[in-house]
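Colleague: The structure is given below, and queries will be raised subsequently.
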């Protein structure tokens, strides 16, 4: 084997991803050295409890509880603890000691990204985070490097595997949300407390990271509009199927032209996606990121969104990049946030909508509904009315499914309130955005 | 605007891609400077005829016929001439003068890659070629960087837009090859001389580039097995559809375990792909690269495979990368060819096959055919026999569609020869590999 310069690699955390990273670093050491141009010596693994059971067997002597000592002597620090602290302090300590950092910590980057990237800039180090956005799917480098000469217009991502698994099964089997969620929990696709996934928090963190990169703008997490999938029921699924759509939880990052110049919108919500759209064919727990760029046109990146060994692949790719930079010398590629576009609230976004209403089946109701929509600057594209006959044979309620042209979210939302209060609408069954048509 | 260091960018060639690169460099100059951390000054465009008509309007004073003078003064040289010479000499001159090189020249890289990468290594410069493999789709960086910590097992790529356009229309419309080709030529999807596309030469060059990167091995173009799509007819398309497949021209790059250690196979041919495989849903002139890696699992990269402005996006991404490297200092990432795995001939590959035979409809024929297959170590998975009644009402020929288990290509090919010579087989209608099942 070539006599390579040796780099000291410190690993923080040995959970599902961390233990796989350690195992692969040891198993493929020679191969990785050839690719990195440096031998990658795993010098230690900082954990809270060195004696806890691990997914893979690792030598006991690698474990330490003293993260700080480990960090200070390292060339590359891999942070796989997750959460804000001590991950944040550990990363800042690593950068301060001249190490490059590899992390999969989306929560930290979405909330403290600018602080971390600034700290890296000051010492000319780099922070690599391919595993933070969509698991094993290479999306960070394409956005940061491959598309650096282009202008991204829009990203639509299925970036949370748990919710895609749930929605896909609801769509394919006609099962209801609670039933599939329970099953997903039993199979390990969803956590005991599924809030972070099903309420869209995880997707919102990834959306903030993707939008920051794509638009060269620091997007704070609280600027991301977020809705989860808990209100999606079998009736909405059936109606979507009937109309040629499938419901997906999407992270949408969009460049918008305003009177004051370009701005962006970043939002996470369940949306109707046309069946023929490539994102509609992303099944199970897979992720996919669909990118529309001015010159490149439509691109899609598809793969496993989570999983210990899959995510470990993305982490190790970053470790090799960090090692190459160490060997090549020079400063790292800093984050580009010079565009700093304003992030608009969701009210300023325009999309198409599908509104489902229960109305009384009386003459003039459709005219009243149409009038309220028109007053609210919401233009109707399609209407489908189904009469639901009451048990006694008398006409009962009717169901009205209205597809709109593109409308401003704020107009739409005020209009829906007026419809609900109009007296002719018994119930607003659902309001869903249409994306990707 | 920030006072950036200025880098001198020289462009060689102003065809469909080159003129778009020049236009975008000028249009988005400020934005690109922010991303690159350097102002990118387009100092000249070397062409044979400065007065030739261009796709976009560019200042006459940028044009020169003296490529060498232009190259010698440049920090970054973009080679978009295509072909071997003078592209090769120009690139070597650029590297020798300390410039980084961006090229979309697949023919050159597939034939003279090692010479060019060696020249870059010697001076610590870099050669960027994202646009050489699958147009606008970011596939080079994912393979070189994102998957550098993983082990690629297999790549299946639809890497030629023209042939995918033709096969997709044949599949969807039932039209025949000649008809769709003529239409594709009229629409500009195929060239007047379509040989490079329809005979698989273009795909073979891209396969060599992808395999070299994925397996860290210099794969010479003549080690790539190549078959085109001209023999694909409507009958084969119908039969494929009937059996749940679609025919796609695939570039397959595969790692194989042999008794002497790992080896690779690189091949381009039309193959049967199951309808539910993500590659089956790649329509029109789009490209997609499906990657199977040991840890990352299945990934797919999808987008426009060609087109001037789409390819220009990939070129400009490379220009920004080259500029960042110039600013950051240090040496570039060299090609990693240390694995240097042997490339096996196609005879050593195993795949599943679908063999369609015309046989006489007599007792004992199936037994004879099955016997020949068995002797040839080709195991039958499925058989479907259809009797084709002759015009006079007498039994005539039968059509036999045989799906095999995985068999060695050399065994299969010898067996097919024996079938053809057996006396019971009237005609070998088609032999197609099955990939992606």
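Colleague: Quickly rank B:151-161, B:312-322 as a protection proxy: mean count of other C-beta atoms within 10 Å, highest first.
Modeller: With the highest mean Cβ count within 10 Å placed first, the list reads B:312-322, B:151-161.
Colleague: Now a separate question. Classify the range A:140-304 as rounded, prolate or oblate from the Cα gyration tensor: take a ≥ b ≥ c as the square roots of its eigenvalues, call it rounded if a/c is under 1.5, otherwise prolate when a/b beats b/c and oblate if not. Display every interim value, and only then the final one.
Modeller: On the way: a/c = 1.93, a/b = 1.70, b/c = 1.13.
Prolate.
Colleague: Moving on to the next point. Using a label point 7 angstrom from Cα along Cα-to-C-beta, what distances in nm, from shortest up, separate residue A:98 from the other copies?
Modeller: Copy-to-copy label distances for residue A:98: 2.7 nm.
Colleague: Give the whole-number value, in cubic angstrom per residue, of the convex hull volume spanned by the C-alpha atoms of chain A.
Modeller: Given the Cα convex hull of chain A, per-residue volume reads 150 Å³.
Colleague: Further, regarding this structure: How far, in nm to one decimal, is residue A:242 from itself in the other copies if the label point is set 7 angstrom along Cα toward Cβ? Shortest first, please.
Modeller: Here residue A:242 shows inter-copy label distances of 3.9 nm.
Colleague: Between the helical axis of B:177-187 and the dominant principal axis of chain B, each derived from Cα atoms, what acute angle in degrees is found, rounded to the nearest 10?
Modeller: 20
Colleague: Order these peptides, A:244-252, A:173-181, by their mean beta-carbon neighbour count within 10 angstrom, highest first.
Modeller: Ranking the peptides A:244-252, A:173-181 by packing returns A:244-252, A:173-181.
Colleague: If I take every Cα pair under 8 Å that is 6 or more residues apart in the range B:107-185, average their sequence separation and divide by the length, what percent do I get for the relative contact order?
Modeller: So the answer I get is 15 percent.
Colleague: Would you tell me the mean number of C-beta atoms belonging to other protein chains that fall within 10 Å of each C-beta in A:287-295, as a whole number?
Modeller: Details: counts 0, 3, 0, 2, 2, 0, 5, 5, 18.
Per-residue shielding by partner chains comes out at 4.
Colleague: Taking a spot 7 Å from the Cα of residue B:428 along the direction of its beta carbon, which residues of the range B:171-211 have an amide N less than 17 Å from it?
Modeller: Under cut-off, by backbone N: nothing.
Colleague: Here is a follow-up. Inside 10 Å of the C-beta atoms of A:24-30, what's the mean count of C-beta atoms belonging to other chains?
Modeller: That works out to 2 on average.
Colleague: Could you pull the copy-to-copy label distances for residue A:276, with points set 7 Å along Cα to Cβ, in nm to one decimal and sorted shortest first?
Modeller: Output for residue A:276: 2.3 nm, nearest copy listed first.
Colleague: What order do you get for B:37-48, B:414-425 when each peptide is scored by the mean count of other beta carbon atoms within 10 Å, highest first?
Modeller: Packing order, densest peptide first, comes out as B:37-48, B:414-425.
Colleague: So what are the three principal axis dimensions of the range A:349-434 from its Cα atoms, in whole Å, longest to shortest?
Modeller: Taking max minus min along each principal axis of the Cα atoms, the range A:349-434 gives 45, 21, 17 Å.
Colleague: Something else: Would you compute, from DSSP H runs of 4+ residues alone, the mean residue ellipticity of chain A at 222 nm, taking -39500 (n - 2.57) per run and dividing by the full residue count, rounded to the nearest 500? Mind showing how you got there, number by number?
Modeller: On the way: 14 runs with 154 residues, N = 437.
Rounded to the nearest 500, the figure is -10500 deg cm²/dmol.
Colleague: May I pose another question? Could you please state, rounded to a whole Å, how far the C-alpha centre of the range A:94-121 is from the C-alpha centre of the range B:171-246?
Modeller: Each part's Cα centre sits 46 Å from the other's.
Colleague: What is chain B's relative contact order, in percent, from Cα pairs under 8 angstrom and six or more apart in sequence?
Modeller: In percent, rounded to a whole number, it is 16.
Colleague: How would you classify the protein assembly as shown from its alpha-carbon gyration tensor, with a ≥ b ≥ c the square roots of the eigenvalues: rounded for a/c under 1.5, else prolate if a/b is greater than b/c, otherwise oblate?
Modeller: The shape class here is rounded.
Colleague: Tell me the angle of helix B:161-173 to the major Cα principal axis of chain B, expressed in degrees between 0 and 90 and rounded to the nearest ten.
Modeller: Tilt relative to chain B: about 40 degrees.
Colleague: Could you work out the mean count of beta carbons from other protein chains within 10 Å of each residue's beta carbon in A:319-327?
Modeller: On the way: counts 2, 9, 7, 0, 2, 9, 3, 1, 3.
Whole-number average of other-chain Cβ neighbours for A:319-327 is 4.
Colleague: Taking a ≥ b ≥ c as the square roots of the eigenvalues of the Cα gyration tensor of the range A:23-143, is the shape rounded (a/c under 1.5), prolate (a/b larger than b/c) or oblate? Don't jump to the answer; show the numbers that get you there.
Modeller: Working: a/c = 1.42, a/b = 1.22, b/c = 1.16.
Rounded is the answer for the range A:23-143, as its axis ratio a/c remains below 1.5.
Colleague: Something else: Taking only Cα atoms, what is the 0 to 90° angle, nearest 10, from helix A:201-215's long axis to the longest principal axis of chain A?
Modeller: That works out to roughly 80 degrees.
A short reminder: the numbers here are calculations on the coordinates, not readings from a lab. As the structure is a computational prediction, the values presented were derived from the model and not from experiment. Cβ: placed from backbone, ideal geometry, glycine included. Neighbour counts: every protein chain shown.
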